[in-house]
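Here, each number is a calculation from the coordinates, and none is a lab measurement. Source: prediction; values computed, not measured. Here Cβ is always computed from backbone atoms with ideal geometry, including for glycine, and neighbour counts include all displayed protein chains.
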Amino acid sequence: MLPFNIKPEKLSLEMSDYSRKLGKGLENLLGAGEIDTGVTPREAVYREDKLTLYRYQRPEDLEPCPVPLLIIYALVNRPYMTDIQEDRSIVRNLLAAGQDVYLIDWGYPDGADCSLTLDDYLNGYVDHCVDYVRKFSGQERINILGICQGGVFSLCYTSLHQDKVRNLVTMVTPVDFQTPDNILSAWVRTIDVDLLVDTLGNVPGEILNWTFLSLKPFSLTGQKYVNMVDILEDKDKLKNFLRMEKWIFDSPDQAGEAFRQFAKEFFQKNGLINDSVEIGGQPVSLKNISCPVLNVFAEQDHLVPPDASRAMRGLTGTRDYSELSFPGGHIGIYVSGKAQKTIPPAIADWLGKRSN
């Protein structure tokens, strides 16, 4: 007797339909062609070592915000998540709302970069990009949008260079790295980071990627591929799925010394909360941040729990602090349809009121 009293003829029909979907899906997979990364026209305006600074093409019929916006993304993933497809693009929607958008692409570190420190990244690369945008735009201070680890970089940079930042937006950015629900932090705090970096030099991106996937092993490594069968017949949905897969597994290696410093100072010592971080010999304190701050976080974020972001409240030196919560997860805040309708317009509106 079949389990759950499934009739044989129904089971046969379901298996036949499943086989048909797989067959059509294989045809679509073979014809998918190259999976593009980033869809909005842009121009490389500055290069340094592996880094490229891009400026995105603005709609000609819109009067841009006079203060340009620089996006600082995380080192651990590729920044084209912000521009993954035409209808799921934070960059495109910020442009449509009148923002003049620049973005830092960190590239792919190799063995020559293993000794790069956070000082090199913040007081070197980021500062050079900020100075380029300031000079080109004629603005003494610019707006910054920092995402995830890039948000931590943005907080540190603004603390050290408040005179160059007019407004700061952080998105899914951890401030308290040791909240009770932070599984990733609990893992990192048990690692002998010195042994890891001294042994490997640069930390392979594959290690970090599989660490992230292991936080939700059922949904991220199994269930989504079962569900994929239902979209194989739709070429557009399949292409979008493949874009996401490419991004997930497109994980750059991490410069060893910068990884060592970030893991120890933030995850293990909780340096932003404890005011113990030093970069380039200079103390980093959130109290040094006096510009307006908008803190955007996701309520179902498994990588950066909302309490880890909410901890920023009251720690900066600004009188103009705002929060924006999104009812979704760490990836959904970039790519979901609901996020595209709410997050970029809200950011652009907040910036616009403080940039004229």
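Longest segment of the chain with no GluC sites (Glu not before Pro) in a DSSP loop having at most 11 other Cβ atoms within 10 Å?
141-356
By how many nm would the segment from Asp163 to Lys287 grow when fully extended, if each residue of separation counts as 0.36 nm and the alpha-carbon distance is taken off?
Length gained between Asp163 and Lys287: 43.2 nm.
Is region 154-210 rounded, prolate or oblate when judged by the Cα gyration tensor, a ≥ b ≥ c being the square roots of its eigenvalues, rounded requiring a/c under 1.5 and prolate requiring a/b larger than b/c?
Taking the square roots of the gyration eigenvalues as a ≥ b ≥ c, region 154-210 is prolate.
So what's the gap between the Cα centers of region 96-117 and region 265-314, to the nearest angstrom?
A separation of 21 Å, based on Cα centres.
Hey, in the GNM for the chain with a 10 angstrom Cα cutoff, which one of Leu160, Leu238, Leu168 fluctuates hardest?
Leu238
Which residue, Thr190, Thr179, Thr170, tops the fluctuation ranking in a GNM of the chain built on C-alpha contacts under 10 Å?
Thr190
Assign one of three labels to region 107-175, namely rounded, prolate or oblate, based on the Cα gyration tensor with a ≥ b ≥ c the square roots of its eigenvalues; rounded applies when a/c is under 1.5, prolate when it is not and a/b is larger than b/c, and oblate otherwise.
oblate
On C-alpha positions alone, give me the angle between the axis of helix 205-214 and the longest principal axis of the chain, in degrees, nearest 10.
60
Using the Cα centre as the reference, give the magnitude of the dipole from point charges on the C-beta atoms of region 42-353 (Lys, Arg: +1; Asp, Glu: -1; all else neutral), rounded to the nearest 20 debye.
640
Considering amide H positions built from the backbone, and no H for Pro or chain starts, which residues 5 or more places from Phe326, or on another chain, come under 5 Å of its amide H?
The list, which skips near neighbours in sequence, is Phe297, Ala298, Glu299.
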